């Protein structure tokens, strides 16, 4: 048996180790890198033995599903950033633009620039410019009892045959404020095929991909097909999201603020389009006349 010189042998082992040991996160074959810069690791760190995974690890927040490149051609990141900035919000991070473009059509079924502008305006309003993924005033379970239904306290069977009592708080989470236990359960079944979001609703706020997927799920399920939305009636979208309070309730000023935000976003995303407030506001005809005058 022949032995290689010591220096050459060590170098070869280091190269081999760096090639076969995954550098970042849990190794998942064929998963493309996300558009974020992974933290660097030294060779010593790469060669260090890995600890066995804990049985208590919440894989729902660590293991991300395979994400094909479905980035929409309706809106690019410079336009997305300009639209957000036009509403006087800080420019979002690159990951937010990536996820918005990744799921806009594939998860939200949005195929026109005008609906994309409507959607972006609504989620900017709901999330305070993509800065909040929990309802203000309810973060950290600070508003118990506000969104309580029988479903919140239902006993359900677990996989081991035992029953557990789920007593979570289902206040607004995600970029479009998913609310009520029935919506958490429906979203969970449609997206994951199980009830994980009902059992652990905080995932909608703490896991970025889940925050986006539930946001697009809500739009596709409750807004996209609503009468008036495909006719570009922005008020119809507002009515589908929070109509009980803002369209038929007492918060007309908030509905108007949503529309004002939309006009700024639309001017960037689809500059040749004319905003239409119909579907919510008690002064639709006046607003329509004003929009028509401003477009002349």
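The values are calculated or read from the model by the stated rules, or taken from the named source; none is laboratory data. Since the model is a prediction, treat every value here as computed from it, not as a measurement. Using ideal geometry, Cβ is built from the backbone for each residue, glycine included, and neighbour counts are taken over all protein chains shown.
Brief remarks on what is shown
- Single residue of 257, 273 found to be assigned by TED's automatic domain parsing to the domain that holds residue 96, part of a helix (DSSP H, G or I) and surrounded by fewer than 17 Cβ atoms within 10 Å (Cβ to Cβ): 257
- Within the option set 234, 218, being in the same structural domain as residue 102 (by TED's automatic domain parsing) and at pLDDT 95 or above holds for one residue only, 234.
- Residue within the range 213-230 that is buried (at least 17 other Cβ atoms within 10 Å of the Cβ) and more than 21 Å from the chain's Cα centre (by Cα) present: yes
- Failed item, numbered, when residue 104 is tested on (1) touching a residue at least 60 places away in the same chain (Cβ under 8 Å); (2) surrounded by fewer than 18 Cβ atoms within 10 Å (Cβ to Cβ): (2)
- Residue check for residue 87: farther than 16 Å from residue 214 by Cα, touching a helix residue (DSSP H, G or I) at 6+ places or on another chain (Cβ under 7 Å) and at pLDDT 90 or above: yes
- Search result, residues across the range 119-153 that are part of a helix (DSSP H, G or I) and either surrounded by 14 or more Cβ atoms within 10 Å (Cβ to Cβ) or modelled with pLDDT of 85 or more (or both): 119, 120, 121, 122, 123, 124, 125, 126, 127, 151, 152
- Hits in the range 171-203 (condition: within 13 Å of the chain's Cα centre (by Cα) and assigned to a helix (DSSP H, G or I)): 187, 191, 203
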